[in-house]
1. Need the failing condition index for residue 139 against (1) of a type outside the set (Phe, Trp, Tyr); (2) more than 14 Å from the ligand (Cβ to nearest atom); (3) open to solvent by less than 70 Å² (accessible area, probe 1.4 Å); (4) more than 30 Å from residue 334 (Cα to Cα), just the number.
2. What are the pairs with Cβ atoms under 7 angstrom where one residue, in the range 156-177, is free of Cβ contacts under 8 Å to residues at least 40 places away in the same chain and the other, located anywhere, is open to solvent by less than 60 Å² (accessible area, probe 1.4 Å) and among the small types (Gly, Ala, Ser)? Sequence gap at least six, or different chains.
3. Is it the case, given these coordinates, that residue 133 is open to solvent by 50 Å² or more (accessible area, probe 1.4 Å), touching a residue at least 60 places away in the same chain (Cβ under 8 Å) and over 19 Å from residue 244 (Cα atoms)?
4. Which one of 228, 285, 220 is at positive phi and either open to solvent by 20 Å² or more (accessible area, probe 1.4 Å) or at pLDDT below 95 (or both)?
5. If you check every pair at least six apart or on different chains, which have Cβ atoms under 7 Å apart with a residue in the range 273-291 that is in contact (Cβ under 8 Å) with a residue 40 or more places away in the chain and acidic (Asp, Glu) first and a residue that is assigned to a helix (DSSP H, G or I) and open to solvent by 10 Å² or more (accessible area, probe 1.4 Å) second?
6. How many residues are among the aliphatic types (A, V, I, L, M) and modelled with pLDDT under 95 if we restrict to the range 130-151?
7. Give the residues of the range 242-266 that are hydrophobic (A, V, I, L, M, F, W, C) and assigned to a helix (DSSP H, G or I), sorted by residue number.
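The values are calculated or read from the model by the stated rules, or taken from the named source; none is laboratory data. Nothing here was measured: the structure is a model prediction, and the numbers come from that model. Using ideal geometry, Cβ is built from the backbone for each residue, glycine included, and neighbour counts are taken over all protein chains shown. Accessible surface areas use protein heavy atoms only, side chains included; no ligands, DNA or RNA. Shrake-Rupley method; radii C 1.70, N 1.55, O 1.52, S 1.80 Å.
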Amino acid sequence: MRTILVTGGTGFIGTHTAVALQQKGYNVVIADNLSNSNEDSVDRIEKITGIRAEFIKVDLSKELECKLLFETHNNIEGIINFAAFKAVGESCEKPIEYYKNNLGILLNILENMKKHNIKYIVHSSSCTVYGQPDKLPIKEDSPTQFAESPYGNTKQMAEDILHFTTQTNNIKAIALRYFNPIGAHDSGIIGELPNGIPNNLMPFITQTAIGKRKALTVFGNDYPTPDGTCIRDYIHVVDLAEAHVVAMDRFFENKNKSNLEYFNIGTGNGFSVLEVIKSFEKTSGIKLNYVIGPRRAGDIIQIWADTQYAEKELGWKAKKTLDQMTLSSWNWEKELSKK
Ligand code: UD1
C-alpha cells in the first residue's frame, strides 16, 4: 500500500481528498497545525471510510518540525500539499506572514523530499494565477498576470518554485489550478468550516439561510455580464478531491509529460452570483435574503476553465452539477447547526 502525506489534511479540500485517497487504496498520513481546522476531521474521515488515518499535529513552516516529520515517517511516497493560509483579504493585511507560511511550508517540504528521495508532489494552486483573462475559457498555457493579492502571489510564486526545483532534484510535481470549490461530501459528515465571517460566496449563502447572518450582499450587479454579477467556475469539492487522486495515480503510472505539469480543475461552466443564489433557492426551498451592494475590490469580472487538457491528459472530468453543489453545501450547513 502506498503512503501519501496530505498536508492541511484536516481542512476543507484536504478531508475530502483523504477520503478519496483511502477509497482508492492509498494509506493516508495527515499533517496539519489545526490553525484553521479541527482534529475531529480525522474521526469524520474514518466515519466515512472505516479507515483511521494517522494524524500528526505539526507546523510545517517550522524547519525543525517538518524535518522531524520526515525523519519519523520513512514510508511516504507522495505528498499532496494543501497546507496554506487562504484568506485573500487577510493576506493584504499580513503579507509577510502569508509569504513566510505558504512558501516556507513548500520549501521545507521540497527540501525534505530531496533529502529522503520522495519523488512526487501534487500542489494546490489556483485559477487566481490567471488574473482577468482576455480570452475565455482559459487554457493552462494562457499567460499568468500580476497577482491582486499576496495570497494569489504565493500561488504564483509556489508554481515558480516548483518549476525550478523540479528541474534538478528528481522531483515531479503537478500543480492543480482550482477554480471555485464549493459543496460537501454527500454523507453530510465533512464539509467547509470557515472561521468567523466567511469571505467566500457559498458559506455566506448557507449561513444566511440558516440564520447565522442577516443578509448576503451581492458584490456588484453592474459588471459587463448577462445579469451584471460576476461569473465563476464553481466545482464540487468531491470532484476536486478525485482530481488529486488521479494526479497521484499519474505519477505512479509514469504518465507525466514533464517534471512540472499544470492542470485546470474546474467544470468548464461559468455561473453568475445570481445563478448560484437561484440554484440554492431551488435546491434548499429557502428564499435567500440578499441585497445588491457595491463591487468588492480585487474581484475579476469573469473566469471559467478550459477543461480539455485535464480531460485528455488526466482522464478526469467534473461530474457534479451546480444544483448538486448548492444542495450538498446546504445539507452540510444543516448538519453543522445540529451541534
Ligand atoms: C477567491 C480567490 C481564489 C480562491 C477562492 C477560494 C481571488 C481573485 N480569488 O475566489 O483564489 O481560491 O477565493 O478561497 O483572490 N460574492 C458576493 N458576496 C459575498 C461573497 C462573494 O457577491 O458575500 C461574490 C464575489 O464577488 C465573486 C463570487 O461571489 O463574484 C465568488 O466569490 P468568492 O467565493 O469569494 O471566490 P473568489 O473571489 O472567486
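1. The single condition residue 139 does not satisfy is (3).
2. Every condition considered, the pairs that remain are 156/147.
3. Criteria not met by residue 133.
4. 285
5. Note: no pairs meet the criteria.
6. 1
7. Those that are hydrophobic (A, V, I, L, M, F, W, C) and assigned to a helix (DSSP H, G or I): 243, 245, 246, 247, 248, 251, 252.
Each row is one residue, and each column tells you yes or no for (1) buried (at least 18 other Cβ atoms within 10 Å of the Cβ); (2) β-branched (Val, Ile, Thr).
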| site | (1), (2) |
| --- | --- |
| 153 | yes, no |
| 165 | yes, yes |
| 175 | yes, no |
| 184 | yes, no |
| 194 | no, no |
| 201 | yes, no |
| 210 | no, yes |
| 213 | no, no |
